[in-house]
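Step one of this worksheet: look at the structure below.
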Amino acid sequence: MKALVRFYENKTQLILDKYGPGPRVHYHTGIMGAPPSPSASASELRSSLLASQEQILLYASTAWNIRMTPFREVLDVGCGLGGGAIFWAQEFGAHVTAVTIAPSHISLVSEFAAQAGVGSLVQPLLSDALTLPGESCFDAAIAIDSSSSFERRPWFHRLSKLLRPDGQVFIFDCYLGKPEYETPFNHHWCAQIGYAEEYISAAQEAGFRLEMIEDVSSQAIHFWDTSIALMLAEAHKCTMRSSKRTKLSNSLSVHALVRRGLCERGLSHTLMSFRKT
């Protein structure tokens with residue numbers, strides 16, 4: 001857990017630099033319909049990434065049929081800097097408990113929510129996803145590119161206590177398809193990536209049934225194309241210290257690996273939803 005906290009604390013400024021300035025700052029994969037233009041500037045590439053992150057939330061909310069389900073008290077698990085929590089509050093009027101393990105993110109989520117005019121609807125909470133307090137207090141739980149940080153069985157068992165009868169779990173994440181992608185993915189993102197079947201099994205054991213599953217990998221590939229293009233564009237703009245250039249090289253390598261994994265079904269970006277039975 002300490003390693004994961006350090007990871008996200010150390011990522012904070014990088015997230016703001018790449019995906020800011022806010023108030024809806026996201027740290028997750030997006031979807032887009034085409035690769036970036038070869039002539040796109042760094043500013044244009046960054047704007048495309050931000051739009052793609054918003055697009056996956058819009059797409060997911062339709063795929064999950066959120067407007068037709070109880071969605072008043074919502075748990076955003078692994079909220080990052082609160083972009084998703086603010087989205088659910090602004091677009092759906094939900095009261096969102098935004099959970100993070102990074103202490104410095106609490107004030108940032110509060111500040112961004114206030115800037116967005118939903119300070120009364122977004123409540124940041126410093127907590128481990130597996131030990132969240134409460135019982136039967138949420139209509140839904142959402143995890144956007146965060147569930148790969150949790151042990152799935154204890155997480156679903158905790159959710160079964162936190163959710164009200166008929167409550168739903170909405171997940172968007174990257175899933176393993178071939179074992180050779182596990183170690184580099186986990187090392188780069190301090191994660192515990194798993195197979196989709198593992199999620200389904202863990203959910204069923206905890207009393208949930210699978211409602212829907214949709215692979216959106218083909219729409220996510222160009223997010224990684226654009227992220228790679230942005231890193232290359234920024235590398236060409238300025239002289240970097242050797243340590244920063246090494247980090248950039250490592251990031252480029254892993255982002256290219258993810259893209260290749262999506263193309264050869266070694267990885268997948270997939271939407272899921274579960275309902276408490």
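The values are calculated or read from the model by the stated rules, or taken from the named source; none is laboratory data. Quick caveat, the model's predicted, so the values are computed rather than measured. All Cβ positions, glycine included, derive from the backbone under ideal geometry; neighbour counts span all protein chains shown. In case anyone asks, the SASA skips ligands and DNA or RNA and just uses the protein heavy atoms, side chains included. Shrake-Rupley method; radii C 1.70, N 1.55, O 1.52, S 1.80 Å.
Structure notes:
- Considering residues of segment 201-210 that are touching a residue at least 40 places away in the same chain (Cβ under 8 Å) and over 11 Å from Val169 (Cα atoms) only, the residue least open to solvent (accessible area, probe 1.4 Å): Ala202
- Residue list for segment 23-52, restricted to those being outside any helix (DSSP H, G or I), within 28 Å of Ile101 (Cα to Cα) and over 16 Å from the mean Cα position of the chain (by Cα): Pro23
- Against the criterion of being over 24 Å from Ala141 (Cα atoms), open to solvent by 10 Å² or more (accessible area, probe 1.4 Å) and in a helix (DSSP H, G or I), Arg67 does not qualify.
- When Tyr181 is tested against (1) in a helix (DSSP H, G or I); (2) open to solvent by 20 Å² or more (accessible area, probe 1.4 Å); (3) more than 18 Å from Leu75 (Cβ to Cβ); (4) not acidic (Asp, Glu), just one condition goes unmet, and that condition is (2).
- Of all the numbered requirements in (1) exposed (fewer than 15 other Cβ atoms within 10 Å of the Cβ); (2) part of a helix (DSSP H, G or I); (3) of a type in the set (Lys, Arg), Arg259 misses one, and that requirement is (1).
- All of Glu54, Glu91 fail the test of being in contact with a His (Cβ under 9 Å, 6 or more places away or on another chain), within 22 Å of Thr29 (Cβ to Cβ), of a type in the set (Asp, Glu) and free of Cβ contacts under 8 Å to residues at least 40 places away in the same chain, apart from Glu54.
- Sole residue being part of a helix (DSSP H, G or I) and under 24 Å from Gln55 (Cα atoms), chosen from Ser218, Ser249, Ser253, Ser201: Ser218
- Meets criteria (assigned to a helix (DSSP H, G or I), among the β-branched types (Val, Ile, Thr) and either in contact with a Pro (Cβ under 7 Å, 6 or more places away or on another chain) or under 30 Å from Val216 (Cα atoms) (or both)) for Ile106: yes
- Verdict on Ser104 being in contact (Cβ under 8 Å) with a residue 40 or more places away in the chain, open to solvent by 30 Å² or more (accessible area, probe 1.4 Å) and closer than 28 Å to His236 by Cβ: no
- With respect to being crowded, with 19+ Cβ neighbours inside 10 Å and in contact (Cβ under 8 Å) with a residue 24 or more places away in the chain, Leu163 fits the description.
- Residues located in segment 113-144, provided they are part of a strand (DSSP E or B), in contact with a Pro (Cβ under 8 Å, 6 or more places away or on another chain) and open to solvent by 60 Å² or more (accessible area, probe 1.4 Å): Leu126
- Subset of segment 187-200 [loosely packed, with under 15 Cβ neighbours inside 10 Å and either touching a Gly at 6+ places or on another chain (Cβ under 6 Å) or more than 15 Å from Thr270 (Cβ to Cβ) (or both)]: His187
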